[in-house]
1. Could you give the length gained on full extension between Ala189 and Ser227, defined as 0.36 nm per residue of separation minus the Cα-Cα distance, in nm?
2. Please determine, in degrees from 0 to 90 and to the nearest 10, the orientation of helix 427-442 with respect to the longest principal axis defined by the Cα atoms of the chain, where the helix direction is its Cα long axis.
3. In square nanometres, what is the average projected area of the Cα convex hull of the range 370-439?
4. To the nearest 500 deg cm²/dmol, what mean residue ellipticity at 222 nm is calculated for the chain from DSSP H runs of n ≥ 4 alone, each contributing -39,500 (n - 2.57), summed and divided by the residues?
5. Please state the equivalent ellipsoid semi-axes for the range 206-352: what are the square roots of 5 times the Cα gyration tensor eigenvalues, largest first, in whole Å?
6. Within the range 43-113, list the GluC sites (Glu not before Pro) lying in a DSSP loop whose Cβ has at most 11 other Cβ atoms in a 10 Å radius.
7. For the range 432-472, list residues with backbone N below 19 Å from a point placed 7 Å from the Cα of Thr9 toward its Cβ?
8. Set the Förster distance to 22 Å, then compute FRET efficiency between Arg318 and Ser110 from the Cβ-Cβ distance, nearest 0.05.
Amino acid sequence: MALAPKKDTAVRILLLCSEFEGLIKTGGLADACKGIASSLQAAGHQVTVILPRYSNLYSRPTGDWQSVFFSLGGQQYGCAVRQLKFAGIDIRLVEHDEFFHRERPYDDGSYGYADNPLRFAFFCKAALEWSRQYLPDVQLIHGHDWQTAVTAAYLQQHYAADPVLAKVPFVFTIHNGAYQLTCDKSWFAKLDLAAHDDHFLNMLEQGIRYASKVSTVSKGYRDELLSEPAANGLATLYQRRATDFVGILNGCDYQQWDPATDLSLVRNYQVADLSGKAACKGYIRHRFNLPELAVPLFVAVSRITGQKGYDYLIPALRRWLASSTAQVFMVGSGELQYCRQLYQLQDDYPEQFRFFEGFDETLAHQTEAAGDFFLMPSLFEPCGLNQLYSLKYGTVPLVRLTGGLRDTVKPWPEADATGIGFTDISIEALLAALQQAEQLYQQAEIYRAVQQRGMLQNFSWEAAVAEYLALYQQALK
């Protein structure tokens, strides 16, 4: 663990986020926000996290609270900001029943809420007003994804002369540049934002345009965002901010993800003694009625969406299973069209394929431990976490070499290989990678070397936070 900084070098940080692991989570954003906050605090810095009080958080007891009032788009608003201590972190919850006391954070299950621009602009303005009044020693604000992006614009346009916030820099981290939230240009006025020549308001763009510094969650993804189509229309803006735009790889929480100590597993194991991994593999096979055969088990835990490569993964699996003896176990939930096809694969290949629809944290850990290979053929992957878990669990990742996957997995047959990799988005390229994985598995000593090399990789949050602190210091100059 890094030595704590001296008091005069510790930074007072306000972290704005819409998710936080253990409180509200729809994806990797929650894990990253908790990882950053926990590691910053462990390094001796003062951290406060502020996020909306969603409906699932009303059951949690809170402590002190303050009220804030402000105008937005010509309307007067008020809210309570309640304190919650969680995992040793000072959490503040913006409470507004109309905006946040809903069943889901962003959508009704099918479509995003129509008032999302107002909901999250309100959150950003409330966070700024609360910090101005109740956190006057704040030195830096760090926002995450489009939900916090307009904070950057508000700091420049509304607080340029404010005695507390005028000199506070805003660092903006993009976890997935495909999620931007675009809306009609009338929203500029509704949200008290300076209008541009654009025909619509892009919430993510506000953060990129006005932030002091911009980051994303891997160096590879940062490079991809400088051009289309990865930038989703914003390449020119990313290029304009290139000198202030960096890639910082997300970390892995090894306290939660370590096969030597993971309480979810039927048997623990480590790099020097992998015997427990066979028991984990046998458990999944027994639980989901897959025959005990001397064949590799390929696993996946993911959102079932097009971004994760299911348009070409499913037909590739269908062709491959017809000629292979390997087995596949997949866990996830998402788009109905893909789930139906996965169930059909299960019907067509009952000795080789199983699909568990849904998400269960314990099962996710057990699946990571059970696999010989982990499937991750994403169309794009800003950072990715499952490949980091897979490396630690000795489940050799099979990935498309994009974004953070390219930064963290070294493809066989390179001398220092830790996984299987391919580049083309095609059934043929994925089929070749699956066949290559089978060839590697048949070479037991070489497979074991790749597996153990992956388990020795270290992608800790400590390293990531050191890079964030360097970025903070640049922003504070």
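1. So the chain would gain 10.7 nm between Ala189 and Ser227.
2. It works out to around 60 degrees.
3. Mean projected area of the Cα convex hull: 4.3 nm².
4. -11000 deg cm²/dmol
5. One finds semi-axes of 38, 23, 12 Å for the range 206-352.
6. Of the GluC sites (Glu not before Pro), the ones in loops of the range 43-113 whose Cβ has at most 11 other Cβ atoms within 10 Å are Glu103.
7. Once the point is set 7 Å along Cα→Cβ of Thr9, 462-472 turn out to lie under 19 Å by backbone N, inside the range 432-472.
8. According to the calculation, E is roughly 0.20.
Throughout, read-outs are computed from the coordinates displayed, never taken from laboratory work. It should be emphasised that the depicted structure is a prediction, and the values quoted were computed from it without experimental measurement. Because the Cβ atoms are built from the backbone with ideal geometry, glycine has one as well, and the counts that use them run over all protein chains shown.
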